[in-house]
1. Read through the list (1) within 25 Å of the chain's Cα centre (by Cα); (2) surrounded by fewer than 11 Cβ atoms within 10 Å (Cβ to Cβ); (3) among the polar types (S, T, N, Q), then give the number of the only condition that residue 312 fails.
2. Would it be correct to say that residue 104 is more than 28 Å from residue 207 (Cβ to Cβ) and not in a loop (DSSP other than H, G, I, E, B)?
3. In the set 169, 180, 195, which member is among the small types (Gly, Ala, Ser), in a helix (DSSP H, G or I) and at pLDDT below 95?
4. In this structure, does residue 99 turn out to be free of Cβ contacts under 8 Å to residues at least 60 places away in the same chain and assigned to a loop (DSSP other than H, G, I, E, B)?
5. Of all helices (runs of 4 or more DSSP H) completely enclosed by segment 1-82, which ones contain at least 1 residues that are touching a residue at least 60 places away in the same chain (Cβ under 8 Å), touching a strand residue (DSSP E or B) at 6+ places or on another chain (Cβ under 7 Å) and under 28 Å from residue 172 (Cβ atoms)?
6. Do we find that residue 272 is over 29 Å from residue 128 (Cα atoms) and without any contact (Cβ under 8 Å) to a residue 24 or more places away in the chain in this structure?
Amino acid sequence: MDKPNIFSYATKELSQDAFIFWLLSWADPKYKHFNSDLTIVAIQLLEQFFLISGFDFPKTINNFKLKKQEANIDIVCYLNEYMIIIEDKTNTKVHSNQLIRYKNYAEEKDGGKYLNKVIAIFFKTFDQSNYKKEEKDGFSIFTRTMFLKVLVNSEFQNIKSDIFQNYLSYILGIENKVRSYKIQKIDDWSSLSWSGFFQELQCYIDGSNWGKINNVSGGFMGFWWASKKNEFCTQYLQIEQDNLVLKISCDKTNDSKRIRKICYRHYLVRAKERKLSFKKPIRFGKGRTMTILTTKYLIRDESTELIDIEKTLQELKKYTQFIETNFLNATQLVG
């Protein structure tokens, strides 16, 4: 039985901020005599920040200072002539232009003292579909997997610190849940299981994205790809957990019913010709974005009832080829 873990209750970003701040504080030379193991972990974490940002880690730490919420930046670390800024996220994403503001602040601080010496880290312990925006804004990505490589080290297994061991147990628990789609029956999958499954699909399906899709019922985990756009609408495939749907997103709401009717008839006929199991949804819905066809796609291993990844991928590739070869262009949608 697992012991109570403070991080299972304190799941907000502020709690993770506190742990990262606490761990990094052990890199301060004045603390090295208290717990040398934690000092080593902290320095190895900083070394990774330098490495992924293209900088060489200094041979000695002559100046070290940590600050919280300087200019609203989660964590700022001054190490010798470098300024490390850390934006920490758990299960949320960046908003507006906050990363650009933080990077500009660091580069302009003290008359440009840290220009070309800023190490900007986007620290994410839950997964997201991609990090294009964060990278475009000048941040290096530090993921849960990268963090675990620092924390899960044979020489650190017996670190005498309840805080460290509690956090390690907590983040390993997240990792195990993400990977659980390989060992759990599909009906038992959590949102983290779906995120792990979608990440594997993403390795094989070009141009795909995934994430939480909110609706009035609370939302679901979705995966979308094969997007084809013309001047009237976008046609694409989307996984809505155990359902595969073909959707359209119309540019003009007042024209959506007409376009939906044309697309539905077209794709249904083509699906029957290809002997695909697409069928009409229970209801089309209203608005710009609508499901026009739906089917099941998950293939289970008969002996274990676990997902058969290879066969499921083959099934999805059939539907990908279907939409790519039967996409309706603008001329076909002119009424």
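The values are calculated or read from the model by the stated rules, or taken from the named source; none is laboratory data. What you see is a predicted model, and the numbers here were worked out from it, not measured in a lab. So basically every Cβ, Gly included, is an ideal-geometry build from the backbone, and we count neighbours across all protein chains shown.
1. For residue 312, the exception is condition (2).
2. It is true that residue 104 is more than 28 Å from residue 207 (Cβ to Cβ) and not in a loop (DSSP other than H, G, I, E, B).
3. Answer to the selection: 169.
4. For residue 99, the condition - free of Cβ contacts under 8 Å to residues at least 60 places away in the same chain and assigned to a loop (DSSP other than H, G, I, E, B) - is not met.
5. Hits in segment 1-82: 13-25, 36-52.
6. So residue 272 fits the description; yes.
Here's the yes/no breakdown for (1) in a helix (DSSP H, G or I); (2) under 19 Å from residue 232 (Cβ atoms); (3) within 31 Å of the chain's Cα centre (by Cα):
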| site | (1), (2), (3) |
| --- | --- |
| 255 | yes, yes, no |
| 259 | yes, yes, no |
| 263 | yes, yes, no |
| 267 | yes, yes, no |
| 272 | yes, no, no |
| 275 | no, no, no |
| 286 | no, yes, yes |
| 292 | no, yes, yes |
| 295 | no, no, yes |
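Table: residues versus (1) modelled with pLDDT of 95 or more; (2) under 22 Å from the mean Cα position of the chain (by Cα); (3) among the hydrophobic types (A, V, I, L, M, F, W, C).
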| residue | (1), (2), (3) |
| --- | --- |
| 1 | no, no, yes |
| 17 | no, yes, no |
| 36 | no, no, no |
| 63 | yes, no, no |
| 68 | yes, no, no |
| 81 | yes, no, no |
| 85 | yes, yes, yes |
| 102 | yes, yes, no |
